[in-house]
Amino acid sequence: MEKEAKVKTILVSQTKPESGKSIFDDIAAKLKLKVDYRSFIQVDPIPGKDLRRKKLNILSHTAIIFNAKNAVDHFFRVVEELRIELPIDLKYFCMNEGIGLYIQKYTVMRKRKVFFPKTNLESDFFNLILNHKTEKFLFPCSDIRKSTIPDFFEKNKLQFVESIMYKTVSADLSDLEDVFYDIIVFFSPADIKSLYENFPDFKQNKTRLAAFGESTHRAIAEKGLVCNIPAPTKEFPSIVSAMEAYIKKVNS
């Protein structure tokens, strides 16, 4: 059996964080790797006036659900475009603490109005919602999203409105056509869709694919590709830990 080639270069299909600090920095320094960042997708806003035409009434809701920082950005963008003054008792339910803290980018808030689970488990988030089942929930989201949140609200017969405030589209990756990386890291099915929209004849060859999340794993398999570094798993809860173990093995 042919030994897998050593890993020297990695492409992460996301933009590097604004802070300049990435979860991949430590592994890059430790294992002497070249890591590049390039988002495979871009987010296009839906104008507030278009949402108004669709009868969106933000003030008819008592609680907002945020499952991503993009959702926070576009919700407050729409609020500004429509010149809406949000009531001080409006509640914000966030999928995790990071999103909860991110809201402070837009507004000074009393802590009791922002809710998030103690863990990153989706089940804990849903239990949090059930403790506030009388609220009228608004879910700002992308046109591409998992069905778990709408399914949960429908199953539990809670008051819930979904509003698509931004669209996720493939970025132009034509400048990467002749560039090779030992590993490409994917985080969503939209990343795989973008890969094939840009390069319909893509062949994996010796490129290793790392992927986070079951839906991303499925998207890779549906294209007949091999996910060499899946996460999370019982052994490796994060994409970084899975990659570090794999790279140490093949580079030894």
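The values are calculated or read from the model by the stated rules, or taken from the named source; none is laboratory data. Owing to the predicted nature of the structure, the values given are computational and were not obtained by experimental measurement. Note that each Cβ is placed from the backbone with ideal geometry, even for glycine, and that neighbours are counted across all protein chains shown.
Look at segment 142-166 and say how many of its residues are under 21 Å from R53 (Cβ atoms) and at pLDDT below 95.
2
Quick one: how many residues across segment 108-130 are surrounded by 15 or more Cβ atoms within 10 Å (Cβ to Cβ) and β-branched (V, I, T)?
Qualifying residue count, segment 108-130: 2.
Of the numbered conditions (1) in a loop (DSSP other than H, G, I, E, B); (2) in contact with a strand residue (DSSP E or B) (Cβ under 8 Å, 6 or more places away or on another chain); (3) crowded, with 17+ Cβ neighbours inside 10 Å; (4) modelled with pLDDT under 95, C227 fails exactly one; give the number of that condition.
(4)
Does I239 qualify as being in the same structural domain as L59 (by TED's automatic domain parsing) and among the β-branched types (V, I, T)?
no
Among the residues of segment 57-67, what is the count of those that are surrounded by fewer than 20 Cβ atoms within 10 Å (Cβ to Cβ) and in contact (Cβ under 8 Å) with a residue 24 or more places away in the chain?
So the count comes out to 3.
What strands (runs of 3 or more DSSP E) lie completely within segment 28-122 and have 2 or more residues being closer than 21 Å to T15 by Cα?
In segment 28-122, 34-37, 41-45 are the strands (runs of 3 or more DSSP E) which contain 2 or more residues that are closer than 21 Å to T15 by Cα.
Being surrounded by 14 or more Cβ atoms within 10 Å (Cβ to Cβ) and part of a loop (DSSP other than H, G, I, E, B) is the filter here; which residues of segment 156-175 pass it?
The answer is L158, Q159, A171, L173.
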